[in-house]
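Inspection log for the structure reproduced underneath, given as C-alpha cells.
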Amino acid sequence: MAAVKPSDYTNQVTVTDEVAEFSADVMEEITSHLEKYPPDRSRSALIPLLFLIQRERGYIDNPGVNFLAKFLNLEVTDVWETATFYSMFNMHRVGRHHIQICKTLSCKIMGEPDITDHICGKLGIKPGETTPDGKFTVSLVECLGSCGTAPMMQIGFDYHEDLTLDKVDRILSECE
Ligand code: FES
C-alpha cells in the first residue's frame, strides 16, 4: 500500500458552511477557556481552542474552523490564518505518532539531514507523508526553540534532543 500524502487530503477539501458540534462536556471545556480572558479579549482563547478542535476532530478541519469563528465572533479567515501559521496545528489527518524534525540552521548543521534520511528510510516514507498503517507521520518544521540541544525533533508533545541515529532508533522502537 502506498504512503499517504497530505495532498491526498488537502486537494480534496471542500469548503462548506458546516459547523462542528460538540458534546455538553466538551462545550463546558470550551466555555471554561473563554472565561480565562476579559469579555472584549475573547479572541485570545483562539490558540487553546484550536488545540481542543484538533484533539476532538483529529485535525483542524473546515467545520471546526467555522465553529470557532462563530463562537469567538471572528472571521473564518482570522481562524485559518492563525491555524496555518503554527506547525503545531495540522491541516490534515496525521499518524498516531507525529514526528516533527527541526530543519532550521542549528539542527541542520548538527546533522538534521542524516536524521531525516534515517527516519524516512526506516519508515519508508518521505517528509510530509504518513505510513500506510497510520502509525507515523514525518514533517520537517522550522525552529522548535531548542537550538542548544540540536539536532532535535518533537513527537506529539515531547521533545527529543541531542539526537544520534542510535537514539532515534531507540525512540522509534518505544513508539507503540
Ligand atoms: S534550530 Fe532546531 S531547535 Fe532551533
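The values are calculated or read from the model by the stated rules, or taken from the named source; none is laboratory data. Keep in mind that this is a model prediction, so the values were computed, not measured. Positions of Cβ are generated from backbone atoms using ideal geometry, with glycine treated the same way; all protein chains shown enter the neighbour counts.
The table below lists the values:
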{"item": "Candidate set: the range 15-58, residues that are under 23 Å from residue 94 (Cα atoms) and of a type in the set (Lys, Arg); chosen: the one farthest from the chain's Cα centre (by Cα)", "result": "57"}
{"item": "Any hit, the range 53-68, residues being part of a loop (DSSP other than H, G, I, E, B) and within 16 Å of the ligand (Cβ to nearest atom)", "result": "no"}
{"item": "Residue match in the range 85-94 (condition: of a type outside the set (Phe, Trp, Tyr) and more than 13 Å from the chain's Cα centre (by Cα))", "result": "no"}
{"item": "For residue 89: the one exception among (1) crowded, with 16+ Cβ neighbours inside 10 Å; (2) under 17 Å from residue 52 (Cβ atoms); (3) at pLDDT 95 or above", "result": "(3)"}
{"item": "Any hit, the range 115-138, residues being within 25 Å of residue 21 (Cα to Cα) and touching a residue at least 40 places away in the same chain (Cβ under 8 Å)", "result": "no"}
{"item": "Listing of helices (runs of 4 or more DSSP H) fully contained in the range 93-176 that carry 2 or more residues being more than 9 Å from the ligand (Cβ to nearest atom) and modelled with pLDDT of 95 or more", "result": "112-123, 165-173"}
{"item": "Flag if residue 104 is farther than 23 Å from residue 56 by Cα and among the β-branched types (Val, Ile, Thr)", "result": "yes"}
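A quick yes/no check of all residues on (1) buried (at least 17 other Cβ atoms within 10 Å of the Cβ); (2) in contact with an Asp or Glu (Cβ under 6 Å, 6 or more places away or on another chain):
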site: 111; (1), (2): no, no
site: 139; (1), (2): yes, no
site: 152; (1), (2): yes, yes
site: 158; (1), (2): no, no
site: 166; (1), (2): no, no
site: 169; (1), (2): no, no
site: 176; (1), (2): no, no
